[in-house]
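The values are calculated or read from the model by the stated rules, or taken from the named source; none is laboratory data. Nothing here was measured: the structure is a model prediction, and the numbers come from that model. Note that each Cβ is placed from the backbone with ideal geometry, even for glycine, and that neighbours are counted across all protein chains shown. Side chains are part of the model used for accessible areas, which takes the heavy atoms of the whole protein and leaves out ligands, DNA and RNA. Shrake-Rupley method; radii C 1.70, N 1.55, O 1.52, S 1.80 Å.
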Amino acid sequence: MKNNAIPMGVRTRIIYGAMAIMTIILCIGENAMAQTKSTAVVKNIVIVHGGLVDGSGWEAVYNVLKKDGYAVTIVQNPTVSLADDVAFTKRAIAAQNGPVILVGHSYGGAVITEAGNDPKVAGLVYVAAFALDKGESVSLLIKDPPPGTPAPPILPPVDGFLLLDRAKFPASFAADVSPEKAEFMADSQVPWGVNAVGGTISEAAWKTKPTWYLLTTEDRMLPPDAQRLMSKRAGAKVVEVKSSHAVYLSQPQAVAQVIEEAARGALVAAKEGATSAAAD
C-alpha cells in the first residue's frame, strides 16, 4: 500500500503559501474598495455667487475645500442677465475634468437651477438660495413678501440695475459679519441687472439631480420660510444654520461641510435614484 502522507516540511510550505495568497487577495480587495470609495467622491466644485456681490467673498470656503483635496472654481458672473450667467457657469463646468458639484448662493441658486442640467453636474448645493421651478424668476418670488416678513432694502432700478440701500445693507445682508466687513460689502456692491432678476427657468435641474440645501434661519434677505418651501419642493437634504444671508462669510466651515457632504453623496444618490426609477 502506497504511503500518501505529505512530509511535514512540504505541508508547512503549502500552508504558508496559501496564507500568502490569501493576504494578496485581501489586499487587492481592500485596494479595490478604497478605489471605489475614492471614485465615488466628486472632486470638482463650481461655486456661483449671488447678486450684489462677487466671488471673492468665498475665499474662506475655498480654502477649506482646497485643504480637503477638492478642485474649486469660483464663477465671476456679471449678473447682468440670467442667460449670460448660465453661459458663464456652463463654461466653468465644461472646463472641469470629471463630474461637478454645482453650488449657488442667493440669486446664484437661479443660475445653478438652469446650468445644473448640464450632464457633468452630479449634484446641486443651494446656500440660502433661490431653488426656482420652471417658468419662475427671482423677481416673481420676491414681489409680494408675506406680511411681517423683512423686505430686502432694494432701491428703485437705475439704468436697468439694482442696489441695496447702503445704510441698511449690513443689517439685511450681513448681520453676523464684522461691521467693518459689512460696511465694505455695502460700499462695493455689484449692480444687479433687472434682466438677471427677471430671468426665468426653462427646466429645473433639481428635478433630476441630487440636491442639498443650507438654510439660514436668521436671514433677512431671503426669508427662512421661503427657503423651507423651496428646499422641500426640490426634495433637498436640508441643513439649517443660525446665520445671516452672508453665511459663506460668517460660517465658511458649515458651508464647506454641506458641500463636502454633497460631494460624497451625489454619485451614490444618483445611482440609487436610477435603480429606483428602473424598478418602477
Checklist entry - Only one residue in ILE25, ILE45, ILE93 is over 21 Å from SER188 (Cα atoms) and at pLDDT below 60, so which one is that? => result ILE25
Next on the checklist: Out of everything in region 130-151 that is within 20 Å of HIS245 (Cβ to Cβ) and touching an Asp or Glu at 6+ places or on another chain (Cβ under 9 Å), what residue ends up being surrounded by the most Cβ atoms within 10 Å (Cβ to Cβ)?
Outcome noted: PHE130
Checklist entry - Given the conditions (1) open to solvent by less than 20 Å² (accessible area, probe 1.4 Å); (2) part of a helix (DSSP H, G or I), which single one is not true for ALA122? => result (2)
Checklist entry - Considering only helices (runs of 4 or more DSSP H) fully contained in region 164-280, which possess at least 3 residues that are within 20 Å of the chain's Cα centre (by Cα)? => result 224-233, 247-250, 252-279
Checklist outcome for this item: For region 214-233, pairs from a residue that is within 19 Å of ALA254 (Cα to Cα) to a residue that is part of a helix (DSSP H, G or I) and not polar (S, T, N, Q), with Cβ under 6 Å and 6 or more apart or across chains, are LEU214/VAL258; THR216/VAL247; THR217/PRO224
Item to check | From the options ALA40, ALA34, residue that is at pLDDT below 95, within 17 Å of the chain's Cα centre (by Cα), open to solvent by 20 Å² or more (accessible area, probe 1.4 Å) and closer than 20 Å to ARG264 by Cβ | outcome: ALA40
Next on the checklist: Please go through region 91-109 and give me each residue that is closer than 27 Å to ALA226 by Cα and open to solvent by 10 Å² or more (accessible area, probe 1.4 Å), ordered by number.
Outcome noted: SER106
